[in-house]
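Accompanying notes for the structure given below.
Derivation of every value follows stated rules applied to the coordinates shown; laboratory data play no part. Bear in mind the structure is a predicted one, so any value in this text is a computation, not a measurement. No Cβ is skipped: glycine too gets one built from the backbone with ideal geometry, and neighbour counts run over all protein chains shown.
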Amino acid sequence: MIKVKNLTKKYGSKTVLNDVSFTINQGEILGFLGPNGAGKSTTMNIMTGYIAATSGSVEIDGIDIMDDAKAYKKKIGYLPEIPPLYNDMTVAEYMEFVCGIKYADTSCIDKILEEVRITDVKDRLIKNLSKGYRQRVGIAQALVGDPDLLILDEPTVGLDPMQIIDIRNVISELGKKKTLFISSHILSEISQVCDRVIIINKGKLVAEDTPKNLATLVSGKNKYSVCIEGGKEKIEKLLSSIQGIERFEEKASSEAGSCEYIIYAKNGVDIRKSLFKAVAVNDDMAILMFKTFDVTLEDIFISLTEEKGGEKE
Amino acid sequence: MNAIIKKELRVYFNTPIAWVFIAVLMCVSGLFFTMFNLFIGNSSVRVIFGVLPFVFVIMIPLLTMRLFAEERSLKTDQLLLTAPINVSAIVWGKFVAAVVVFGIAVVLMMIYPIILSFYSEVAWGSVMTNNIGFFLLGAALISIGIFISSLTENQFTAGIITIAVLLVMFLLSGISVSSGYESIDKVMSYIGILKAFDRFYIGIINLVDVLYYLSITLIFVLLTVFRIERRRVK
């Protein structure tokens, strides 16, 4: 539904976005990851018409922003990184104003306030609201005019953990009805709510896939953490004798009389059974702890941004 | 555009801005009225009306300085510029709101000729031409202030620059520059924004003067629209 084609943005000689292209499909929740300064907000600002691209185009349902800005903007609700709130207005006054500039009927206000759960602060001045509430007013504002696509720029930044859970709930509720495009540098968050993720670094897209596929992309090696009771020498000898283990590193053990290791298994080999059996035949050894390392988006992110970033410099 | 006008008027009257603007104008004019009409027993409002343009030059920046600078510093321009409303509707909306506040002050000042009319004959024709002149002059000054507000993120910078610019325009009205070059003298006389007002002041409505103020207003409003559109591309 949204097609971003070859977006480039230059400020003087500095290239902030370099040939960025992607699509957002109807109904999906697309995550947009990148470190600070990678170009996330710039991309979003261009997509929403706040700033113009140096070159490239954005279209939504076939409408290019350059051809019909009004029809285009009606299809998008935008929550910028800093919610655009007027402190001297009450929530109700503010929503009324937003309806006015978005040519929407004010009858939708109550429903939206209900949806983001801020009906109780309706008559309070925005400047007196907590950060979590302000963020929700920001989301409420984006929902005015019933846009198909919601673009949320770092919706949970600066909130406390309870507020983050709150906003996340609101977002996943919205995701059932709308197409969402969410940016973040908190990776666990994106992997929780998003169907698909694109990763940007230094103005360039470095990856685009589902969180799961991205995980397999980087998880060349299986990593385990084990704690084994017994003598160090004997354990290490045993570990070296197991076929599937490529290498292992010793870690400081938290329990006396035991050793902890990080074990790297060979590609595609499941060492869990053979390790268990090998330890079990030794009476003076026992496995106290054994867990797998899941590849998190953090790992993917770091390896991707470091690799590609390193290449460039 | 209505939403913008309504919002700006709400801000003007929910904050002290409009009240201070109107109060200062009424205080200054009231002072002159007491001194030059009531004490002396003079029925002409010319003295008050003559001093008001200078007060406008000082006070109108108060109305206009925050209009765009504040939106930018609070990042609320992101809401305005990503909404399906035209930039020109935003600019005109803010312009109209400022003119309304200004207009309220001008209308309130009608109280002086009304008081005088109880005691003597008032030259209503001249009062009317002055009022028309006030509106035209005010609109022009407001459009200049709005344009300057769109140039910066800091509303106080905008306010100070606006006062400086309007003061120069005010001072150039009082002198006639003779630089030896006719074209320069002519430009200087155009910049002297009160020259045209002098004729309203003595009771003459001249089409050229009306067009002068209307064109200044239009030019600066359009420059503001252009400036905001342009900033998107920069």
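Per residue of A:90-103, how many C-beta atoms from partner chains lie within 10 Å of its own C-beta, taken as a mean?
Per-residue shielding by partner chains comes out at 4.
Can you compute the FRET efficiency between B:SER189 and B:ILE132 using 1/(1 + (r/R0)^6), with r the Cβ-Cβ distance and R0 = 30 Å? Round to the nearest 0.05.
That pair, B:SER189 with B:ILE132, gives E of 0.90.
Apply the a/c threshold of 1.5 to the C-alpha gyration tensor of the stretch B:69-199 and tell me whether it is rounded, prolate or oblate.
It comes out oblate by the Cα gyration axes.
If you place +1 on the Cβ of every Lys and Arg and -1 on the Cβ of every Asp and Glu, how big does the dipole about the Cα centre of the protein assembly as shown come out, in debye to the nearest 20?
780 debye
Quick one: Karplus J couplings for the stretch A:123-139, per residue in order, coefficients 6.51, -1.76, 1.60, θ = phi - 60°, nearest Hz, x for Gly and Pro?
My calculation for the stretch A:123-139 gives 9, 8, 5, 4, 5, 8, 8, 6, 4, x, 5, 4, 4, 5, 5, x, 5 Hz in order.
Of the DSSP beta bridges with both residues in the protein assembly as shown, give the percent that are antiparallel, rounding to the nearest 5.
70 percent
May I ask you to derive the relative contact order of chain B, considering only C-alpha pairs under 8 Å and at least 6 residues apart, and to give it as an integer percent?
27 percent
Taking the alpha-carbon set of the stretch B:151-214, what are its Rg and Dmax in Å?
Expressed in Å, the Cα Rg and Dmax of the stretch B:151-214 come to 14.3, 41.
If each of A:SER57 and B:SER117 carries a label point 7 Å out from its Cα toward its Cβ, how far apart are those two points in nm?
Between A:SER57 and B:SER117, the label points sit 6.3 nm apart.
Could you name the aspartates and glutamates whose alpha carbon sits less than 13 Å from that of A:LYS131, not counting residues in the same chain fewer than 8 places away?
The qualifying aspartates and glutamates are A:GLU81, A:ASP160, A:ASP166.
Within 10 Å of each Cβ in peptide B:80-92, how many partner chain Cβ atoms are there on average? Round it to a whole number, please. Don't skip to the end; give the middle numbers.
Working: counts 3, 8, 18, 18, 16, 6, 2, 1, 0, 1, 1, 0, 0.
Going residue by residue through B:80-92 and averaging, the value is 6.
Could you give the alpha-carbon Rg of the stretch A:221-292 over 2.2 N^0.38 Å, rounded to two decimals?
Compactness ratio reported: 0.99.
Please tell me which of these pairs span more than 28 angstrom C-alpha to C-alpha: A:LYS102/B:LYS75; A:LYS3/A:LYS111; A:LYS70/A:LYS178; A:LYS177/B:LYS7; A:LYS74/A:LYS212? Before the final figure, lay out each step's value.
On the way: A:LYS102/B:LYS75 17 Å; A:LYS3/A:LYS111 30 Å; A:LYS70/A:LYS178 20 Å; A:LYS177/B:LYS7 31 Å; A:LYS74/A:LYS212 33 Å.
Over 28 Å Cα-Cα: A:LYS3/A:LYS111; A:LYS177/B:LYS7; A:LYS74/A:LYS212.
When all C-alpha to C-alpha distances in chain B are sorted into bins of 10 Å, what percent of pairs does each bin hold, rounded to whole numbers?
Cα pair-distance distribution for chain B, in percent: 8, 31, 33, 20, 7, 1, 0.
For the Cα atoms of chain A, what angle does the longest principal axis make with the long axis of helix A:297-312, in degrees from 0 to 90, nearest 10?
80 degrees
Which residue, A:LEU85, A:LEU33, A:LEU275, has the most motion in a Gaussian network model of chain A that connects Cα atoms within less than 10 Å?
For chain A, modelled as a Gaussian network with Cα springs under 10 Å, the answer is A:LEU275.
Determine one quarter of the surface area of the Cα convex hull of the stretch A:2-217, which equals its mean projected area, and express it in nm² to one decimal.
Taking a quarter of the hull surface, the average projection is 11.8 nm².
With springs only between Cα atoms under 10 Å apart, run a GNM on chain A and tell me which of A:ALA207, A:ALA265, A:ALA53 wobbles the most.
Comparing A:ALA207, A:ALA265, A:ALA53 in a Gaussian network model of chain A, the most mobile one is A:ALA265.
Would you work out the relative contact order for the stretch B:1-139, in percent, from Cα pairs under 8 angstrom that are 6 or more residues apart? All intermediate terms of the calculation are to be shown ahead of the outcome.
Numbers: 87 pairs, mean separation 54.3, N = 139.
39 percent.
Would you calculate, for the protein assembly as shown, the mean residue ellipticity at 222 nm contributed by helices, counting each DSSP H stretch of 4 or more residues as -39,500 (n - 2.57) and dividing by all residues, to the nearest 500?
-17000 deg cm²/dmol
What is the antiparallel percent of DSSP beta bridges lying wholly in the stretch A:2-217, to the nearest 5? Kindly include the intermediate steps, with their values, before the conclusion.
Values: 20 of 38 bridges.
Bridges in the stretch A:2-217 that DSSP calls antiparallel: roughly 55 percent.
Rounded, prolate or oblate for the protein assembly as shown? Axes are the square roots of the Cα gyration tensor eigenvalues, ordered a ≥ b ≥ c, and the cut-off for rounded is a/c under 1.5.
Prolate.
Straight-line reach only, C-alpha to C-alpha below 16 angstrom: list the aspartates and glutamates that A:LYS237 could link to, leaving out same-chain residues fewer than 8 apart.
Result set, ordered by chain and number: A:GLU229, A:GLU246, A:GLU249, A:GLU250, A:GLU260, A:ASP283, A:ASP284.
Please compute the average number of Cβ atoms from other chains found within 10 Å of each residue's Cβ in peptide A:42-55.
Across A:42-55, the average partner-chain Cβ count within 10 Å equals 3.
Helices from chain B with mean Kyte-Doolittle at least 0.5 and a Cα length along the axis of 30 Å or more, per DSSP H: which?
Helices meeting the span and hydropathy rule in chain B are B:87-108, B:124-149, B:207-233.
I'd like the Karplus ³J(HN,Hα) series for the stretch A:7-17: coefficients 6.51, -1.76, 1.60, θ = phi - 60°, whole numbers in Hz, and an x wherever there's a Gly or Pro.
Going residue by residue, I get 5, 10, 10, 10, 10, x, 9, 8, 8, 8, 10 Hz, with x marking Gly and Pro.
Run the reach check for A:LYS10 against lysines, Cα to Cα strictly under 16 Å, same-chain hits fewer than 8 apart removed. What comes back?
A:LYS40, A:LYS202, A:LYS204, B:LYS234
State the extension gain, in nm to one decimal, for the chain segment bounded by B:VAL233 and B:MET26, taking 0.36 nm per residue of separation less the distance between their alpha-carbons.
Full extension from B:VAL233 to B:MET26 adds 70.2 nm.
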